[in-house]
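Quick note: the coordinates plus some simple rules give every number you see, no bench work behind them. The model shown is predicted, which means the values in this text are computed figures rather than measured ones.
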Amino acid sequence: MIVGKLPEADLKRTYNKVLNICLAISAAVQVLMFAALRGFDVRLETKVQKPVVIQLEQIPETRQERQPPPAARPVVPIASEDNQISEETTIETTDIDLKLDDLAPPPVLEERAVEQKAEIVEEDEPVEIWKVEKQPEVTKQVKPDFPEIARKAGIEGRVTVNALVGKDGKVEKVGEVTGNEVFREAAKAAALQWNFTPAIQNDRPVKVWVAIPFNFTFRD
């Protein structure tokens, strides 16, 4: 059985009619809008800004007034121990000529004296070993005596002596000594007999502290 559409539900029958009506309405609306906007007048308004007026006030020039010098301090009279002087006695003004113009000017220092004062006094202080340009080198070493008490007891050990090497390369004195106490005196006596080449800093000999190790063994 073929079922057909109702005439009211068939859109193809009214398609052309509805399209023509919509086109007519759209054209009428456009004509009305064109007629309404034809008399519209566009005007540009420019806003005028008021000029800014800057007024400069004249500032009066300031002047620094110099204050008058302070008044002289009053002279306080000093009491005299002489009871015979009258209270009405005054000191008369006298003109004393000290003849300072005739004095000779002080003697001019000699250039040599000025140079001596300008020289920097070099400090005779020891310099750290790592600061010197050339470190001291051993030129003479003395072997320490093995203590008899340590030999009988069969004791061996190691001692380090801190010695101050002078500008001439000789050991001037002994400082801290570390190690076995049995060998310290023998190590100090030997260190004082050592000689070195002088340490050099800024092309001149200086004093430095060096560490001298001593080994006390029965094989030596």
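Amide H to amide H distances under 5 Å link V208 with V127, V165, where only residues 5 or more positions off or on other chains count and H is placed in the peptide plane. Calculated over the stretch 138-216, the projected area of the Cα convex hull averaged across directions stands at 4.8 nm².
Pairs of Lys residues in the stretch 138-216 that lie 8 or more places apart, or on two chains, and have C-alpha atoms under 13 angstrom apart add up to 6.
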